[in-house]
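The values are calculated or read from the model by the stated rules, or taken from the named source; none is laboratory data. This structure is a prediction, so every number in the text was calculated from the model and none was measured. Surface accessibility is based on the protein's heavy atoms, side chains included, excluding ligands, DNA and RNA. Shrake-Rupley method; radii C 1.70, N 1.55, O 1.52, S 1.80 Å.
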Amino acid sequence: MLLQIVAGTVLLSLNILVAAVAAMLLEAQLARAQGWLMREPHAPKMVLLIAGVSLWVLGVVTAGVWSWAAAYYALGVFTSMEESVYFSLVSYTTLGFGDVLLHKDWRLLSGMEAANGFLNFGLLTALLVDTLRQARQGQVETKRKRS
């Protein structure tokens with residue numbers, strides 16, 4: 001049980017760190033693009049912003065799923081990487097089909113991974129919404145100042 005808790009804690013911590021660094025890098029990129037985002041036309045830029053941030057979020061989620069899958073495989077929990085990735089994706093997204101289960105000796109990890117995924121989805125959704133809100137608010141304020 002101790003190995004499960006240690007492994008899960010390390011994976012949770014690493015995933016939170018990756019999400020935090022990704023958020024910081026995204027913020028830096030948006031700061032660099034601020035002038036461009038504020039200039040007309042706004043609609044195509046918002047479409048690009050939504051697509052770009054969504055792909056960024058998807059990248060962070062994918063990294064989380066793969067890190068858990070790699071750990072399952074390295075620990076010998078599953079015999080194939082495909083099964084590790086499948087289980088990880090189902091757990092991380094809290095979908096939980098139940099068609100692939102962890103052995104009793106490793107089942108605490110699935111709950112820890114689900115908590116990790118739930119936390120990251122919340123954080124990344126907030127990041128996406130805040131990014132769009134800030135960009136749109138800046139566009140409206142810039143337009144108001146010009147009028």
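The angle separating the long axis of helix 2-32 from the principal Cα axis of greatest extent in the chain is about 10 degrees. The range 25-63 and the range 88-144 have Cα centres separated by 18 Å. Legend: Rg and Dmax of the range 1-55, from Cα coordinates, 17.6, 58 Å. Listed by chain and number, the aspartates and glutamates whose alpha-carbon sits under 14 Å from that of LYS104, ignoring those within fewer than 8 places in the same chain, form an empty set. Considering only GLY117, GLY35, GLY52, the mean-square fluctuation computed in a Gaussian network model of the chain, springs between alpha carbons under 10 angstrom, is largest for GLY35.
Ranking of GLU83, GLU27, GLU113 by solvent-accessible surface, largest first: GLU27, GLU83, GLU113 (1.4 Å probe, protein heavy atoms only, all chains present).
Under a 10 Å cutoff between Cα atoms, tell me which one of LEU75, LEU124, LEU132 has the largest fluctuation in the Gaussian network model of the chain. Looking only at LEU75, LEU124, LEU132, the biggest GNM fluctuation is shown by LEU75. Per-residue accessible area (protein heavy atoms, 1.4 Å probe) orders THR131, THR9, THR79 as THR79, THR9, THR131, starting from the largest. Within the set [x] 15.0, 47; [y] 16.1, 57; [z] 19.2, 66, the number that Rg and Dmax of the Cα atoms in Å takes when calculated for this structure is listed as [z]. Between VAL129 and LYS145, the contour length at 0.36 nm per residue exceeds the alpha carbon distance by 3.3 nm. Against the criterion of solvent-accessible heavy-atom surface with a 1.4 angstrom probe, TRP66, TRP56, TRP106, TRP36 sort, most first, into TRP66, TRP36, TRP56, TRP106. Under 20 Å of direct C-alpha separation, and excluding same-chain neighbours fewer than eight residues apart, LYS145 reaches these aspartates and glutamates: GLU40.
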